[in-house]
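Here's the structure we're looking at; comments come further down.
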Amino acid sequence: MATLEELRGQLDVVDDQIVKLYEERMKICEQVGEYKVEAGRKVFDRVREKEKLQNVASKVSSDFDKKGIQELYQQLMSMSRKLQYQQLVKAGALGRLPFIEIDSLGVEKARVVFQGMEGAYGQAAMKTYFGEDCNSYSVRTFRDAMEAIEEGAADYAVLPIENSTAGAVNEVYDLLVEFENYIVGEVIIPITHTLAGLPGAQLSELKRVYSKAEALMQTTRFLEEHSDWQQISVANTAIAAKKILDDQDRTQAAVCSAYAAKVYGLEVLEDNINDESGNCTRFIIVTNQKVFLKGAKKISICFEVPHESGSLYHLLSHFIYNDLNMSKIESRPIEGRSWEYRFFVDFEGNLEEPGVKNALRGLREESRSLKILGNY
Ligand SMILES: C=C(O[C@@H]1C=C(C(=O)O)C=C[C@H]1O)C(=O)O
């Protein structure tokens with residue numbers, strides 16, 4: 001029997017041949033890339049790759065090897081595509097209308113819309129980003145805010161996208177796909193909920209609490225101590241506070257900010273009732289222009305993946321290969337297509353960087369409906 005050393009010697013000989021052949025294959029792929037740049041052809045040819053996988057599998061005998069050679073070829077062809085995307089990007093073949101780099105958002109003259117009403121957390125986020133005295137107005141729903149931007153009634157909308165305790169604001173994710181609006185900024189603000197009631201109201205007399213569904217979720221622990229209270233969800237925390245004022249019913253209270261309580265003349269019956277201290281919400285700034293600020297360092301995109309095993313894995317390989325750091329991934333069901341999903345990915349980078357361009361080129365070809373939601 002051969003010694004381990006001898007066997008390793010044999011492997012080295014075979015590997016030298018594989019490495020040489022790999023280089024040879026990639027050189028041919030480079031020529032294919034040149035042809036595609038010239039001819040304006042897409043890099044990814046799904047049919048050709050499928051045939052190739054069947055063909056190589058038919059040339060080995062055991063099932064184990066069939067699976068192995070297919071995995072190997074998937075990787076080889078994936079590297080081949082990545083090389084070709086680089087060639088296309090170098091040749092400036094980016095496709096689609098580009099985003100335009102700008103120096104500033106011109107926030108001084110901007111008209112800004114937020115969802116909710118006076119006292120809403122969205123208003124606090126807006127003031128943090130655009131300043132205390134910005135020219136603003138409010139609308140009832142997230143959709144109304146998106147429409148205002150699309151129509152040009154407002155220059156920017158401020159919308160919540162994610163809370164550190166309750167997670168994603170699903171509706172806003174879906175609206176980002178539906179509307180041709182883009183993210184140009186973000187702001188994170190602390191969310192400290194209080195329980196607010198009519199002046200002089202006692203905890204012991206309460207029967208109902210009103211708030212936004214997310215706020216009720218973020219204060220579950222406190223509310224569970226009062227399980228006899230009926231929880232009613234309304235569009236936002238400021239609406240809840242206003243309702244308490246309007247109804248003049250001492251058995252009702254709202255989960256809202258201390259700011260909203262003050263705006264509507266309520267008394268804080270219990271301060272800071274969050275389950276988690278450090279609860280905060282990330283708001284995005286949205287506009288209808290395809291622009292990004294100079295020096296922007298985060299990109300949000302979304303795409304659909306074909307319903308095949310390994311498809312998400314292969315799409316994410318574009319981030320790894322181009323050294324891009326993914327900071328978030330989220331999925332949402334696709335309307336009308338049960339059990340199929342759209343993925344939302346945030347990653348660090350600027351649209352001007354070559355690695356970002358390469359990755360986007362690959363994702364555009366290999367996923368369905370890639371949309372760049374913004375660079376900010
Ligand atoms: C090399 C090509 O480009 C891509 C890579 C392939 C490969 O490496 O074999 C096959 C099909 C294409 O998706 C080609 O079109 O032939």
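Running a GNM on the chain with Cα contacts under 10 Å, which residue among Ser78, Ser233, Ser61 ends up with the highest mean-square fluctuation? With Cα springs under 10 Å in the chain, the top fluctuation among Ser78, Ser233, Ser61 is at Ser61.
Would you please give the FRET efficiency between Tyr22 and Leu316, computed as 1/(1 + (r/R0)^6) with r the Cβ-Cβ distance and R0 = 22 Å, to the nearest 0.05? Provide the component values of the computation, followed by the final result.
On the way: r = 23 Å, r/R0 = 1.04.
Working from the Cβ atoms, E equals 0.45.
For the chain, a crude dipole built from +1 on the beta carbon of Lys and Arg and -1 on the beta carbon of Asp and Glu, taken about the Cα centre, is about 1060 debye to the nearest 20.
The distance separating the Cα centre of the range 153-226 from that of the range 267-296 comes to 10 Å. Sum up the charges of everything whose Cβ sits under 13 Å from the Cβ of Val60, counting Lys and Arg as +1 and Asp and Glu as -1, but leave Val60 out. After counting each charged neighbour, the total is 0.
Phi angles across the range 254-259 convert, under the Karplus curve 6.51 cos²θ - 1.76 cosθ + 1.60 with θ = phi - 60°, into 3J(HN,Hα) values of 10, 9, 7, 6, 4, 5 Hz, Gly and Pro given as x.
Taking 7 Å steps out from each Cα toward its Cβ at Lys328 and Glu34 produces label points 4.5 nm apart. Specify whether the C-alpha gyration tensor of the range 1-149 places it in the rounded, prolate or oblate class, a ≥ b ≥ c being the square roots of the eigenvalues: rounded for a/c under 1.5, otherwise prolate if a/b is larger than b/c and oblate if not. The shape class here is prolate.
Its DSSP H runs of at least 4 residues, each contributing -39,500 (n - 2.57), put the calculated 222 nm mean residue ellipticity of the chain at -13500 deg cm²/dmol, to the nearest 500. For the range 267-344, GluC sites (Glu not before Pro) meeting the loop criterion (DSSP other than H, G, I, E, B) and having at most 16 other Cβ atoms within 10 Å: Glu276, Glu308, Glu335.
Put a plus charge on the Cβ of each Lys and Arg, a minus charge on the Cβ of each Asp and Glu, and nothing anywhere else: the dipole of the range 194-270 about its Cα centre is then about 220 debye. Out of Val184, Val112, Val305, any idea which swings most in a Gaussian network model of the chain, alpha carbons joined below 10 Å? Maximum among the listed residues: Val305. The range 298-349 to the range 1-33: how many Å between their Cα centroids? Distance between centres, Cα-based: 33 Å. What does the charge add up to near Cys280, with Lys and Arg as +1, Asp and Glu as -1, over the other residues with Cβ less than 14 Å from its Cβ? That works out to -4. For each pair in Lys212/Lys290; Lys20/Lys59; Lys27/Lys328, compute the distance between the two Cα atoms and list the pairs where it is over 27 Å. Cα-Cα > 27 Å for Lys212/Lys290; Lys27/Lys328; rest within.
Net charge in the neighbourhood of Ile232 (other residues with Cβ under 13 Å of its Cβ; Lys, Arg +1, Asp, Glu -1) is +2.
The packing ranking, built from the mean of other Cβ atoms within 10 Å per residue, places the peptides 159-168, 125-134 in the order 159-168, 125-134, highest first.
Rounded to two decimals, what is Rg over Rh for the chain when you use alpha-carbon atoms and the Kirkwood radius?
Numbers: Rg = 27.2 Å, Rh = 24.2 Å.
We get a ratio of 1.12 for the chain.
Calculate the spin-label point distance for Arg111 paired with Arg48, positioning each point 7 Å from the Cα along the beta-carbon direction, and give it in nanometres. Reported label-point gap for Arg48 and Arg111 is 5.2 nm. Placing R0 at 35 angstrom, the Cβ-Cβ distance between Tyr137 and Leu203 gives a FRET efficiency of 0.45 after rounding to 0.05. Residues considered: Leu88, Leu175, Leu72. Largest GNM mean-square fluctuation over the chain, using C-alpha springs under 10 Å, is found at Leu72. Label-to-label distance, Ile102 versus Ser164, with points set 7 angstrom from Cα along the beta-carbon direction: 3.0 nm.
Values in this text are rule-based calculations from the coordinates and carry no lab data. Predicted model only: the values in this text are computed from it and were never measured. Neighbour counts are summed over all protein chains in view; Cβ atoms, including those assigned to glycine, are modelled from backbone coordinates with ideal geometry.
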